[in-house]
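Beneath this line is the structure, given in C-alpha cells, with notes to follow.
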Amino acid sequence: MCACESSRRNRSLGFSLTELLIAVVFTSFLMAGMYKVFTANVSAFSTTLELSGMQRNARWALALLQNDVQQAGYLMPPRVVTELLANTQPAILIETSANAVTLTHSDGTTESIGNPDELQVVMDVPLTTQATVAADTAPGGTSLGCAFASGGALVKSGDIIFVKDSAMELFVASAAPDKDGLVSFTTGGDLQNDYGNNVVNPLISGQVMKAHKKGAEVGFIRPLQVVSYTIQALALDPSNSAATVPCLVRRTRTLGGSWGTAEVIMEGVTSFKLDWSLDGGQTWIRQVNNLATSQWAAIQTATASAFTTLASQSPLAASLPGGMSSATDPFWFNYASVLLKIDVETRTQLRRTEYAKTPNQAAYRTRRETLFVSPRNFALGAP
C-alpha cells in the first residue's frame, strides 16, 4: 500500500464539524420533545393520584357520615323527651348557615365558599368508654364497680350506665368514677319522671335490682346531646397557622349549652347541602318550596304542611295529632319515614393549571356526591 492511500484513509475517519452540529441540533429537538412527554406524564400521574386520593377519601368520609347520621334520633332507653317541650331546640333541623365560610390560602389570599347547610339532631350519644363489671353484684347497691379498659375519664355526672347482660339494667351516674372505678347512681323519684318509669319494672333505677356477674360488659351513654354537622374553616397546617382548610365537622353540646370542640369528618369539603322527603324521595321539601337557602322556620312550616298531608295517608303519622308541634312528643320523625339527601362537594388539596378552564391559571378539581340516608331510628314501627 502506498503512503498516499494511507493518508487519504486516515483523513476520512471520524465526523466532520458539520455532522456534529447537525447531531447536536437534532438531539436538542429530541430532548425538548422527550422533556414535554416526561412533563405530561408526571402531570398526568400527579393529577390521577390526587383525584383517586380525593375519591377514596370522599368515599371513606361519606361512609363514616352515613353511619353517623343513621344513629340520628337514637334514645336509650326509648322515651318521650319531655325536656324538649320547654326548650327552643328542635328535635331535628336542617337550614342554611347564617354565616359564610371564608378560607385563607397559604399566600394570604382569602376565598369565600358561601353559606353551607347545617344538620342538628337531638339524640343520646354512646361514649367510646369500654368497661366491665369489676365484681359480682347483689340487688340493693347504689353504685357499680367498673374495670375500665379505656375511656373512663369521659364518664361524668348525668351519663347513663348500661349493664349489657341478660339481666340488663340502666342507671344514671351521679358523679364521675372514683380512682377505683366505682360509679355512684343518681337516686330519687325524678328518674321515673325523666325516663317514663313505672315502679314495678323501671327503665332506670336508683339501685341495683338484679344480680350481675363479674366481667359483664358495661356501656355509657350521654343523654340528650345536640349533634351538628356543617362546614368550618380550620387551621390544620402546623407550619402556617393562618392558612385554613374547609372541613366537614361534627360538634356536640347539651341542650342550651355551648358547642364542644369540632371533630373533623372530612377535609376539603366546599359544599354541604341538605334536603329531606317524607314520601320516599318523590318530592323534596326544600326543592319544591324554593327553600334552598332558607332558615329553619320556613323549612319547618313547609315540612309541617307535608306532615299534615302524610297524616291523612299513614296510620303511623295519624297517631301524632299534634304533628311537628306536638305538645306530648317532639320527636315527630318517629312517625314519618324521613329520607335525608346529603350533597357533599369535595376538592383537591392543591390548585393546578391542569384543572383550570382558563390557560395559565391554577384551579381546584371538584367532585360532588349525593348520599341518601334513612336513619334507622326514624319512623319506629312504621308499617
Net lengthening on full extension, THR88/ALA167 (0.36 nm per residue, minus Cα-Cα): 24.7 nm
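Between LEU103 and SER52, what is the FRET efficiency for a Förster distance of 25 Å, r being their Cβ-Cβ separation, to the nearest 0.05? Write down the numbers at each step before the final one.
Details: r = 24 Å, r/R0 = 0.96.
The formula returns an efficiency of 0.55 here.
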Given H placed 1.01 Å from N in the peptide plane, which residues other than close sequence neighbours of VAL218 have an amide H under 5 Å from its amide H? ALA131, THR132, VAL133, LYS164
Amide proton proximity set for LEU255, modelled H, under 5 Å, gap of 5+: VAL226
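Please state the shape class of region 306-372: rounded when a/c is under 1.5, otherwise prolate if a/b exceeds b/c and oblate if not, all from the C-alpha gyration tensor.
Because a/c hits 1.5 or more and a/b exceeds b/c, region 306-372 counts as prolate.
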When averaged across all projection directions, what area in nm² does the alpha-carbon convex hull of the chain cover? 34.5
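Expected output is a single nm value to one decimal: the length gained when fully extending between ARG368 and ALA298, i.e. 0.36 nm times separation in residues minus the C-alpha distance. What is it? List each step's numbers first, then the result.
Values: separation 70, 0.36 × 70 = 25.20 nm, distance 2.63 nm.
Full extension of this stretch gives 22.6 nm more.
Just subtract the alpha-carbon distance of GLU354 and THR261 from 0.36 nm times their residue separation and send over the number in nm, one decimal.
Values: separation 93, 0.36 × 93 = 33.48 nm, distance 3.68 nm.
Contour length minus Cα-Cα distance gives 29.8 nm.
Taking the number of other C-beta atoms within 10 Å as the exposure measure, put ARG376, ARG365 in order starting with the fewest. Intermediate results must be reported in sequence, preceding the final value.
Details: ARG376 12, ARG365 17.
Ascending Cβ contact count within 10 Å gives the list ARG376, ARG365.
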Any helix of the chain counts here only if DSSP assigns it H throughout, its Cα atoms span 18 Å or more along the axis, and its mean Kyte-Doolittle hydropathy is at least -0.5, and such helices are 17-69, 296-311
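Taking N as the number of residues in region 135-214, what is its Cα Rg relative to 2.2 N^0.38 Å? Numbers along the way, then the final one.
On the way: Rg = 12.2 Å, N = 80, 2.2 N^0.38 = 11.6 Å.
That works out to 1.05 for region 135-214.
Each reported figure results from applying straightforward, stated rules to the coordinates on display, with no laboratory input. As the structure is a prediction and not an experimental result, all values here were calculated from the model. No Cβ is skipped: glycine too gets one built from the backbone with ideal geometry, and neighbour counts run over all protein chains shown.
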